[in-house]
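None of the figures in this text is laboratory data; all of them are computed from the coordinates on show. Note that the structure is predicted; figures quoted are calculated from it, not measured. Ideal geometry is used to build each Cβ from the backbone, glycine not excepted, and the neighbour counts take in all protein chains shown.
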Amino acid sequence: MESCETPIPMQPRRPLFRAVSALSVLGALLALQACSNSDDVITTAAQDTACAQVTDSGSVDVGSGLPGDPAAPEPASGFRSKKLVSAKTYMVVTANPYASKAGCEVLKKGGSAVDAAVAVQAVLGLVEPQSSGLGGGAFMLHYDAKTKKVQSYDGREMAPAAATDDYLRTISATNAAPPLPIPAGTAPESNAAFTPLKQSGRSVGTPGAVRMLELAHKDYGSLAWKDLFGSGVQLATDGFPISGRMADAIAGSRTLLFTDPEAAAYFLNADGSAKTLGTIIKNPAYAATLTALASSGANALYTGPIAENIVKKIKMTSGGSPSFAITPGLTELSDLAGYQAKRRDPVCTTYRSYWVCGMGAPSSGGMTVASALGTLENFYLAGYKPTAMDTNGGKPTVMGVHLISEAGRLAYADRNKYMADTDFIPLPGGSPAALLDKTYLRNRANLIDFTRSMGTAVAGTFTTAPLGISSAEGKGTTHMTIVDKNGNVLVMTTTIESGMGSYRMTNGFLLNNQLTDFSVLAADASGPIANRVQANKRPRSSMAPTLVFKMADDGSMGDFLMGTGSPGGATIIQYVIKTLVGVLDWGMDAQQATSMVDFGAANSATTNVGGEHPNVNATTPAGGLPGGSDPLVSGLRTLGHTVSVSSQSSGISTIVKATRNGATVLEGGADPRREGIVLGDTFKP
Ligand code: GLU
């Protein structure tokens, strides 16, 4: 093993993949692994610490290859403790070091939060392609510090104009077989058909993220759009080392990537094996796409040759090796050309002495978080603070987890029944107000028993047509939180739905499988399902980018306090709730709340307690259940919870505006379960 002081063969302050061959990079990286993420390394590369990773002994440029470089690929691990980062005026938190760096450089130049988000997305689509990208969709909330206005943006994927309510269930009106490929012997019942459905053309929605970024940039951009793609183009051209999570995603999807030879050729070696951790990978097609976007705007993707390629991929009728038949999607060029990102009203409610703003329909995220918080407001949560507080958020208490999980059950019950794209299916009462009414939620809170879990909750009753229930959703996605020098704040959750989307790739990016967030079934015994497929409808999401403000003396929305969000499919709502409660009720800093054990429940008897967390003992005692020796887990079981200690795949990115020693500072937390980092004009507090 080489010592940590061994100089790495490279030119300082230039991306490591430019200066040395892939082979020597790998050698250097292997030597680095024993040292990375430790704070006792000698790091002097960054003279200007802004946008560099600050350690106890200095700072290091992201991508420099020097000891402590957070971009040095490491095997994906369950949980790697992280330290709170403080900055003076600007900050960015994303799930990947290269993406944080790209966003930070934009902020450093004086770019706005939206400018930084464009640069971050351009890089994420390359270095974390399994989670988000140009072929996906996104939701964003933006706070304009000057006008104090919160604006939300909907870049959700859309079903094609030709889609009918059986789009995911049958091949056509005259052929009741399920969309292909369906592996032999698989019953196409309800949402269980999810995995093979991802490979069919029916899963792909018209992408929305790029149009949304363009719209937000028109509203709040400050640097020229064309100048925001440089980092992405450079990384795609020069290559970057495959990270631990990307390597895991490739290995986990290896056989499915054969669905599209173009995807297989990019992610796999010539012999069909998965490209592995640290391999330098280049994506010239992606660089060309970014260059086209930079010069022509979003139209480069929604019209012309790239749009034609997207449609071709959706309409593929066979794939795989050996080849199998695929049911094509019905997307046309007109679906792409006609796609519009939308400005939407955010869902803002009070929670104790705060205002919390979230994303409204077609996401259920903001409303479900608000519903749970409105229920929890009826309990003295501060009395159930985690014990043994540490940088990882301490040990949650049985009653704290019980109350939050029960509030979650009640909120998810309403979500599953009533929430969908409101351009098609109105909410009870025509707005979020009825579902979030304080008296209604107090009555819901009264259903919570301190001594027993309710198991499964029943949705509230509203004078609306009877509706069926849908809880469909997958896992993938990524979240960024950004504050710029002018105090504008942006939270954006961006996705191609589940890992590697629909396994189709064109022009250097993957296409989403977002339409699987619709209910496969159009109705159940109770009636039509709100989240059924309809032409030009957007599938219900759980993404919950969230902004928190202090309440002003007159009760109105005051100063910005906190921005957060996470990936995790329907579980996103649980991750966001626990992070909000961690800061607002339990006084945690941004990193503690982000790191805290992920816990909560959707509307089932199962309560999640993230077993990957160092403060949870997830082992199985002899003759017992997983986690049986852990007092939190056994305490919950005593209250009737069915506890799962499976690892939770959150990727929370949080920024909190705090006062330390009389000065206002930004504090950031990146999820220890992912690869992300916090950057900004950082300082050592
Ligand atoms: N498609 C999901 C949604 O929109 C997100 C998937 C994930 O977070 O992994 O809610």
| field | Overall form of the stretch 597-647 per C-alpha gyration tensor (a/c, 1.5; a/b vs b/c) | value | oblate
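Rounded to the nearest 0.05, what FRET efficiency do ASP271 and SER556 give with R0 = 60 Å and r taken as the Cβ-Cβ distance? Could you check? The partial results should precede the final answer.
On the way: r = 63 Å, r/R0 = 1.05.
The formula returns an efficiency of 0.45 here.
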| said: Quick check for me: using +1 on Lys/Arg Cβ and -1 on Asp/Glu Cβ, what's the dipole size of the chain about its Cα centre, in debye to the nearest 20? | reply: 600 debye
| note | Quick shape check on the stretch 514-654: root eigenvalues a ≥ b ≥ c of the Cα gyration tensor, a/c under 1.5 is rounded, otherwise prolate if a/b tops b/c, else oblate, and it reads oblate
| How large is ³J(HN,Hα), in whole Hz, for each residue of the stretch 536-551 in order, when computed from phi with the Karplus curve 6.51 cos²θ - 1.76 cosθ + 1.60 and θ = phi - 60°, using x for Gly and Pro? | 6, 8, 9, x, 4, 10, 10, 4, 9, x, 9, 10, 10, 10, 6, 8
| How many angstrom separate the Cα center of the stretch 102-157 from the Cα center of the stretch 622-666? | 28 Å
| task | Please go through the stretch 414-470 and write out the chymotrypsin sites (Phe, Trp or Tyr not before Pro) that DSSP classes as loop and that have at most 13 other C-beta atoms within 10 Å. | result | PHE450
| Pairwise label distance in nanometres, SER77 with ALA162, each label 7 Å out on the Cα-Cβ vector | 5.0 nm
| said: Please compute, for the alpha-carbon atoms of the chain, the extent along each of the three principal axes and give them in descending order in Å. | reply: 68, 62, 60
| Using the 10 angstrom Cβ neighbour count as an exposure proxy, how do SER566, SER231, SER295, SER629 rank, fewest first? | SER295, SER629, SER231, SER566
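Which whole-number value in Å³ per residue fits the convex hull of the alpha carbons of the stretch 441-545?
Details: hull volume 23.3 nm³, N = 105.
Per residue, the Cα convex hull of the stretch 441-545 comes to 222 Å³.
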| task | Express in whole angstrom the spacing between the alpha-carbon centres of the stretch 544-564 and the stretch 499-523. | result | 34 Å
| said: Give me, ordered by chain and number, the residues 5 or more places off GLY600 or on other chains with an amide H under 5 Å from its own placed amide H. | reply: ASN608
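Using the number of other C-beta atoms within 10 angstrom as an exposure proxy, rank CYS104, CYS357, CYS348 with the fewest first. Please report the intermediate quantities before stating the final value.
Working: CYS104 30, CYS357 25, CYS348 20.
Arranged by neighbour count, lowest to highest, CYS104, CYS357, CYS348 become CYS348, CYS357, CYS104.
Would you mind ranking LYS109, LYS146, LYS395 by Cβ crowding within 10 Å, fewest neighbours first? Could you put the intermediate results ahead of the total?
Values: LYS109 13, LYS146 8, LYS395 19.
Ordered from fewest to most neighbouring Cβ atoms within 10 Å, LYS109, LYS146, LYS395 come out as LYS146, LYS109, LYS395.
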| request: Starting from the amide H of TYR351, placed 1.01 Å from N in the peptide plane, find each other amide H under 5 Å away whose residue is 5 or more places distant or on another chain. | output: VAL356
